[in-house]
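Below: the structure, in C-alpha cells.
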Amino acid sequence: MGIAFKKPEVALDRYPYDWRMKRFKPYNPNLFFIIGQKLKQPDAKGRTWWDKPYHISEYETVFDMAQDIEDSYISMNWFYKCSRKGEFVAVFDHICIDLDCYKYESNPTIQYHDLGENYEILLKFCDDNNIPRPSNILSSGRGIYLHYTFECPVPARCKGRFQATHRELLKKFIPWGADQATYDFSRVFRIPGSVNSQHPRRHPCEFLDYRGQFYDFSTRKSHRRVVHRVRL
C-alpha cells in the first residue's frame, strides 16, 4: 500500500465512483453487500440485531433507504455469497479505523479525544508518527471513523496483507482509542447520514473531512514490503 495523492485515470475509467462513500466500487455484477441495524429491544425471536444481503445493482436505492433508519450499518467489504462471513469476502476497497475516543474518561490509554479545529490535532498526530493521513474523516455519532481508501478494489487473495496492514494501523491509533478488534472481514460501520441513537442529541454519522487521497494497495509485494511502503 503505497501513497497516491490523486485519483488514477485508469481507475476512473474502469471502476464506478461511489460519491456516497467516496470510494471506487468493484466493477463486478455478481457481488453483494450487507445492511444491518441494531434493535432497541429484542424482537420476537430474541434478536438484538438484524442484517440483510443486497445485490450490488441495488446499492444506490438501498443505501438511500438505510440513511433514514436509526443505527443502520453497512458492510466494509463486498461478498460473493449472500453472507457476511469473512470466508465469502470477494473484494475490499478501503480500511476503516474505528476510534472510540469518547471512552477517554474510562480508558487511561486514550490520550486524544478532541479533533480540534480543522482536525489539525489528528493530522499532526499522523505526521509526527509517520502515519499516512486518512482519505476521509467521519463522525460515527460519538467516535471517529478514519477511512484509508484504495485507488481500486483489491481481490480477496490479498486478505492476509490487508489484515496485517489493518492491524498495524490500529496499533498506531491506540492513543485515540482505536478499537483493536475491528480488522475482521465481516465488520460493519455506521452509514453516513444515519442517526446514532446513543448520542444525547442523536448525532448523525457524517463526513467531517474529505481529503481526496487514494492509496495503492500493492498486490505484487510481500507483506513486509507493503508495511514498509506505508511507513508504519
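Quick notes on this one:
- Qualifying residue in segment 64-87 (condition: out of contact with any helix residue (DSSP H, G or I) (no Cβ under 9 Å at 6 or more places or on another chain) and either in a strand (DSSP E or B) or modelled with pLDDT of 95 or more (or both)): yes
- For segment 135-157, the set of residues classified as in a helix (DSSP H, G or I) and crowded, with 18+ Cβ neighbours inside 10 Å consists of Ala156 only.
- Hits in segment 158-187 (condition: outside any helix (DSSP H, G or I) and in contact (Cβ under 8 Å) with a residue 60 or more places away in the chain): Phe173, Gly177, Ala178, Asp179, Thr182, Asp184, Phe185, Ser186, Arg187
- When segment 17-52 is filtered for residues that are open to solvent by 50 Å² or more (accessible area, probe 1.4 Å) and not in a loop (DSSP other than H, G, I, E, B), the ones remaining, listed by number, are Tyr17, Lys38, Trp49, Trp50, Asp51, Lys52.
- Tabulated pairs, segment 99-117, first without any contact (Cβ under 8 Å) to a residue 60 or more places away in the chain, second surrounded by 17 or more Cβ atoms within 10 Å (Cβ to Cβ), C-beta under 9 angstrom, 6+ apart or interchain: Glu105/His113; Asp114/Cys101; Gly116/Leu122
- Summed over segment 98-124, the residues that are open to solvent by 90 Å² or more (accessible area, probe 1.4 Å), over 14 Å from Phe173 (Cβ atoms) and in a helix (DSSP H, G or I) give a count of 2.
The values are calculated or read from the model by the stated rules, or taken from the named source; none is laboratory data. Please read all numbers here as calculations on a predicted model, not as lab measurements. Note that we place each Cβ from the backbone using ideal geometry, even for glycine, and neighbour counts take in every protein chain shown. Just the protein is used for accessible areas: all its heavy atoms, side chains included, with ligands, DNA and RNA removed. Shrake-Rupley method; radii C 1.70, N 1.55, O 1.52, S 1.80 Å.
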